[in-house]
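Every number here is computed from the coordinates shown, using simple stated rules; none is lab data. Here the structure is a predicted model, which is why all the values come from computation and not from measurement. Because the Cβ atoms are built from the backbone with ideal geometry, glycine has one as well, and the counts that use them run over all protein chains shown.
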Amino acid sequence: MFIFGHVSSWQANGIFYNLKKMKVGNQVTITRGDNKTFNYKVEKIKTYDANNVDMNEVLSPVAAGKNGLNIMTCSGTVIKGTSNFTNRLVIFTSQLPAM
């Protein structure tokens, strides 16, 4: 699974504003519309140049044969005169067994 969301806008923090605080080993919980939850463990964190994101890597599970959730947002600095950022931050996770 892959989710891409905003880090911020000019007026407010975005859904992934605090993504930069994630560390390997942290847990991410996703709650579906039917209230079923899925837990993931952060396995790897990588920053790409915004113009050189390896989408094959980003869209693939971090661990072969395991379900994963990869989350991407903008990072780095705002490019002068635009609303674009210089980098992309990607959090790679693997799904934990259901409890």
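Only loop residues by DSSP count here, and only those with at most 15 other Cβ atoms within 10 Å; note down the chymotrypsin sites (Phe, Trp or Tyr not before Pro) in the chain that meet that. Walk me through the numbers before you get to the answer.
On the way: sites: 2, 4, 10, 16, 17, 38, 40, 48, 85, 92; in loops: 10, 16.
When the chymotrypsin sites (Phe, Trp or Tyr not before Pro) of the chain are filtered for loop state and at most 15 Cβ neighbours within 10 Å, 10 remain.
For residue 36, give me every one of the lysines with a C-alpha distance below 23 angstrom, ignoring sequence neighbours fewer than eight places off in its own chain.
The qualifying lysines are 66.
Sort 93, 73, 31 so that the residue with the fewest other Cβ atoms within 10 Å of its own Cβ comes first and the one with the most comes last. Show your work: numbers first, answer last.
Values: 93 28, 73 23, 31 9.
Listed from fewest to most nearby Cβ atoms, that is 31, 73, 93.
Which FRET efficiency, nearest 0.05, do residue 36 and residue 64 yield, Cβ-Cβ r, R0 22 Å?
On the way: r = 25 Å, r/R0 = 1.14.
Here the calculated transfer efficiency is 0.30.
Contact order normalised by length for segment 2-99, with contacts defined as Cα pairs under 8 Å and 6 or more residues apart; what percent is it?
Numbers: 193 pairs, mean separation 30.3, N = 98.
That works out to 31 percent.
At 222 nm, what value in deg cm²/dmol follows for the chain if DSSP H runs of at least 4 each add -39500 (n - 2.57) and the sum is divided by all its residues, to the nearest 500?
On the way: 1 runs with 4 residues, N = 99.
It comes out at -500 deg cm²/dmol, rounded to the nearest 500.
Got a sec? Which residues in segment 1-26 would a label at residue 78 touch, if it sits 7 Å along Cα→Cβ and we count backbone N under 13 Å?
Residues passing the 13 Å test: 7-14.
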